[in-house]
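Comments concern the structure below.
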Amino acid sequence: QKEVEQNSGPLSVPEGAIASLNCTYSDRGSQSFFWYRQYSGKSPELIMSIYSNGDKEDGRFTAQLNKASQYVSLLIRDSQPSDSATYLCASTSGTYKYIFGTGTRLKVLA
Amino acid sequence: EAQVTQNPRYLITVTGKKLTVTCSQNMNHEYMSWYRQDPGLGLRQIYYSMNVEVTDKGDVPEGYKVSRKEKRNFPLILESPSPNQTSLYFCASSFRVSYNSPLHFGNGTRLTVT
């Protein structure tokens, strides 16, 4: 079974700190990776996509991909209380599916 | 505005009463999918569609039906709802399941079956 795994958390960080969220995947054929933010009771919202090894930055967010280690991470710089949410990692491979992790709950403490 | 629209947002029904949750996207996406989300279980795929008239089962298809007669619409049908189908449902779409094609989600439908 192809899987995406995340630590459920909660991950607690103080306001202004860097939050580091991690995700591992089992399918070496996975090509695309996505990070979504989901507030309680709301729909997932796309934050970042990453397809190549290395870092991709967008504002306060940096996604990192290491295909050799089958590892994806999301860094949130200058974390704000409004960043408190569940972060979902997802991948696609050769199958007709998006595979989601169960999410990491982030709490940014004011 | 590019979006995925689900209706209704909230639905309370009784066991056995057939219902339909509608989903429509205005982005000319080929791929559409339904998920349910329950506490501690994450997003679980119910059905998906690669294109018009092409649908297939996801991980938890029992008790659900779908159809894809038009590219923009992908309704979810519960012919005889049961309490274990109480959940938060999301419709999502993408250009296709391929490189550089993220899923876009609707706002969700919270279903309660009593």
Which one, A:Asp58, A:Asp83, A:Asp27, has the greatest fluctuation when you compute a Gaussian network model over chain A with C-alpha springs under 10 angstrom? A:Asp58
Say the dipole of the protein assembly as shown comes from +1 at the beta carbon of Lys and Arg and -1 at that of Asp and Glu; which of B:Leu78, B:Ile46, A:Phe100 then lies farthest toward its positive end? B:Leu78
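With +1 on each Lys and Arg Cβ and -1 on each Asp and Glu Cβ, and nothing else charged, work out how big the dipole of the range B:48-102 is about its Cα centre, in Debye to the nearest 20. Numbers along the way, then the final one.
Numbers: 7 positive and 6 negative charges, 53 e Å.
Roughly 260 debye for the range B:48-102.
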Taking θ as phi - 60°, what are the ³J(HN,Hα) couplings along the range B:23-31 by the Karplus curve (6.51, -1.76, 1.60), each to the nearest whole Hz, with x for Gly and Pro? 9, 9, 10, 10, 10, 6, 6, 7, 9
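Quick one: grab the alpha carbon gyration tensor of chain B, order the square roots of its eigenvalues as a ≥ b ≥ c, and give me rounded if a/c is under 1.5, else prolate or oblate depending on whether a/b is larger than b/c.
Values: a/c = 1.70, a/b = 1.64, b/c = 1.04.
Prolate.
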HN-Hα J couplings of the range A:52-63 from phi, Karplus 6.51/-1.76/1.60, θ = phi - 60°, integer Hz, Gly and Pro as x? 10, 4, x, 10, 9, 10, 8, x, 7, 9, 10, 9
Computed for B with A: buried accessible area summed over both chains, 1.4 Å probe, rounded to 100 Å², at 1800
Looking at A:Asn7, A:Gly54, A:Gln64, which one has the Cα that reaches farthest to the positive end of the dipole of chain A (charges on Cβ: Lys, Arg +1; Asp, Glu -1)? A:Asn7
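May I ask you to give the solvent-accessible area per residue for the range A:1-85, in square angstrom, as obtained with a 1.4 angstrom probe?
Details: 4220 Å² over 85 residues.
Here the per-residue accessible area is 50 Å².
Go through A:Lys67/B:Lys71; A:Lys42/B:Lys65; A:Lys56/B:Lys65; A:Lys56/A:Lys97; A:Lys42/B:Lys18; A:Lys107/B:Lys18 and tell me which ones have a Cα-Cα distance over 28 Å in this structure. Let's see the in-between values first.
Details: A:Lys67/B:Lys71 34 Å; A:Lys42/B:Lys65 24 Å; A:Lys56/B:Lys65 39 Å; A:Lys56/A:Lys97 24 Å; A:Lys42/B:Lys18 25 Å; A:Lys107/B:Lys18 40 Å.
Long pairs (Cα-Cα over 28 Å): A:Lys67/B:Lys71; A:Lys56/B:Lys65; A:Lys107/B:Lys18.
Determine the per residue accessible area of chain B with all protein chains present and a 1.4 angstrom probe, expressed in square angstrom. Please list the in-between numbers first.
On the way: 5480 Å² over 114 residues.
With all protein chains present, chain B gives 48 Å² per residue.
Given Cβ point charges of +1 (Lys, Arg) and -1 (Asp, Glu) and nothing else, what value in debye, to the nearest 20, does the dipole of chain A about its Cα centre take? Numbers along the way, then the final one.
Working: 11 positive and 10 negative charges, 44 e Å.
Roughly 220 debye, rounded to the nearest 20.
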Below 14 angstrom from the Cβ of A:Arg37, what's the summed charge of the other residues (Lys, Arg +1; Asp, Glu -1)? +1
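How high is the relative contact order of chain A, in percent, with contacts defined as C-alpha pairs under 8 Å that are six or more residues apart? Intermediate values should be presented prior to the final figure.
Details: 278 pairs, mean separation 42.2, N = 110.
Contact order relative to length: 38 percent.
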Ignoring any ligand, DNA or RNA, what whole percent of the accessible area of chain A comes from carbon and sulfur when the probe is 1.4 angstrom? 46
Excluding ligands and nucleic acids, what accessible area in Å² is computed for B:Thr112 using a 1.4 Å probe, to the nearest 10? 50
Evaluate the distance, in nm, between pseudo-label points positioned 7 Å from the Cα of B:Glu70 and of B:Thr112 along their respective Cα→Cβ axes. 3.2
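Where does the charge balance sit around B:Thr13 when Lys and Arg score +1, Asp and Glu -1, over other residues with C-beta under 15 Å from its C-beta? Can you show the working numbers first?
Numbers: positive: B:Arg9, B:Lys17, B:Lys18, B:Arg110; negative: B:Glu79.
Counting the neighbours of B:Thr13, the net charge comes to +3.
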What is the ratio of the Cα radius of gyration of the range A:1-107 to 2.2 N^0.38 Å, where N is its residue count, to two decimals? 1.01
Just going by the charge dipole of the range A:17-110, with Lys and Arg at +1 and Asp and Glu at -1 on Cβ, which of A:Ile76, A:Ser20, A:Thr86 is farthest out on the positive end? A:Thr86
Per the Cα gyration tensor, the protein assembly as shown corresponds to an equivalent ellipsoid with semi-axes, largest first in Å, of 30, 20, 15
Per GNM of chain A with C-alpha springs under 10 angstrom, the most fluctuating residue out of A:Tyr87, A:Tyr36, A:Tyr98 is A:Tyr98
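Taking the Cα centre of the protein assembly as shown as origin, sum charge times position over the Cβ atoms of Lys and Arg (+1) and Asp and Glu (-1), and report the length of that vector in debye to the nearest 20.
Numbers: 24 positive and 19 negative charges, 100 e Å.
Magnitude of the dipole: close to 480 debye.
Taking the Cβ of A:Asn53 as the center, what net charge do the other residues with Cβ under 14 Å away carry, scoring Lys and Arg +1 and Asp and Glu -1?
Numbers: positive: A:Arg28, A:Lys56, A:Lys67; negative: A:Asp55.
Here the count lands on +2.
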On the full set of protein chains, 1.4 Å probe, figure out the accessible area of A:Ser26 and give it in Å² to the nearest 10. 60
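The values are calculated or read from the model by the stated rules, or taken from the named source; none is laboratory data. In this text, all values refer to a predicted model and were calculated from it rather than measured experimentally. We place every Cβ from the backbone using ideal geometry, glycine too, and count neighbours over all the protein chains shown. Each accessible area value is taken on the protein alone, full model and side chains, heavy atoms only, with ligands, DNA and RNA left out. Shrake-Rupley method; radii C 1.70, N 1.55, O 1.52, S 1.80 Å.
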